[in-house]
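> Please find one structure pasted underneath; my questions will follow.
The values are calculated or read from the model by the stated rules, or taken from the named source; none is laboratory data. Predicted model only: the values in this text are computed from it and were never measured. Positions of Cβ are backbone-derived with ideal geometry, glycine not excepted, and every protein chain shown enters the neighbour counts.
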Amino acid sequence: MASSTAPRWKTAIVNALSEHEKAVVIQLASIDPTTPIPHVRSHIFRDFIAPKSNPALPLIITTTDIRTPKTTQIISNPHVQIAWWIDSTQEQFRISGLASAIPTPANALYKHFLHNVRNAKSTSAVAALSREGFDWEAKRKQMFKSMSGHMKASWCRPVPGTRLEGEEEEARKWPVKLEEPGDDADEETRRNWETALANFALLIVDPTEADFLELGVMPNRRTRFWKTIDGAWDSEAVVP
């Protein structure tokens, strides 16, 4: 049966995290257009955002360094899949959707996000949030400031995945912890803050399908959800 309320798979995640707040590690797979090889990496789930006009359209929010290879992979092919196993509840979620990276508007790659907004289906979460005037740059800065000082410092490093010149000696020169500079901050601290903030990007996934497996109940249950053309969700029970 179709529903325009928050989908049950999203409610299950929220309920699980309310009891097990550290179960936020997800696996995100994208496609490399230059090879037939998929790429998967661990991410931290940061938040759900849903349009006020339609809570059935939750966006999944995580974060990344805009310089990583996944950015160009997602620009070339936005179709991604998330695998999320919550051990404490014995629940698995496989969520397919369309991803977008959102850097600072000063970054040249920001135009790709604007393109996605302009070309999004009218029933998508991105389109609905755009109509509501959602401030993505404010969200990006708020998310950056919420990170630990050690996490913030990680965006001051050279481009992830590139050759480490100087090996460990070079790595020891990188900032270890970074906090927002005050009025008395020195020039290096301010420069590091601006560098980290410039490299920091939101990564959003607009779900189109979800496979929800419940192994903590007997008999086991498995439900497949898909987004309908009117922006609601439909579902069916499938064999676990």
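> Being under 22 Å from Ala196 (Cα atoms) and either without any contact (Cβ under 8 Å) to a residue 40 or more places away in the chain or buried (at least 20 other Cβ atoms within 10 Å of the Cβ) (or both) narrows it down to one of Ile60, Ile44, so name that one. Walk me through how you get there before you give the answer.
On the way: Ile60 fails: under 22 Å from Ala196 (Cα atoms).
The conditions single out Ile44.
> Residue by residue through region 89-137, note down the ones that are surrounded by 14 or more Cβ atoms within 10 Å (Cβ to Cβ), of a type outside the set (A, V, I, L, M, F, W, C), part of a helix (DSSP H, G or I) and at pLDDT below 95.
Asn116, Ser130
> Oh, and also: Which one of these does Ile26 not meet: (1) touching a residue at least 60 places away in the same chain (Cβ under 8 Å); (2) buried (at least 18 other Cβ atoms within 10 Å of the Cβ)?
(1)
> Continuing with this model, one more query. Select from region 192-206 the residues that are polar (S, T, N, Q) and either farther than 21 Å from Ala99 by Cβ or assigned to a strand (DSSP E or B) (or both) and list them in ascending order. Break it down into steps so the answer makes sense when it comes.
First, pick out the residues of region 192-206 that are polar (S, T, N, Q): 192, 195, 199.
The answer is Asn192, Thr195.
> Select from region 181-233 the residues that are acidic (Asp, Glu), farther than 30 Å from His150 by Cα and either out of contact with any Phe, Trp or Tyr (no Cβ under 6 Å at 6 or more places or on another chain) or buried (at least 18 other Cβ atoms within 10 Å of the Cβ) (or both) and list them in ascending order.
Filtering region 181-233 for residues acidic (Asp, Glu) gives 183-184, 186-188, 194, 206, 209, 211, 214, 230.
Now narrow it down to the ones that are farther than 30 Å from His150 by Cα: 209, 211, 214, 230.
Selection gives Asp211, Glu214, Asp230.
> Kindly indicate which of Ala29, Ala16, Ala101 is of a type in the set (Gly, Ala, Ser) and touching a Pro at 6+ places or on another chain (Cβ under 8 Å). Step through it out loud before you land on a result.
Details: Ala16 fails: touching a Pro at 6+ places or on another chain (Cβ under 8 Å); Ala101 fails: touching a Pro at 6+ places or on another chain (Cβ under 8 Å).
When all the criteria are applied, what remains is Ala29.
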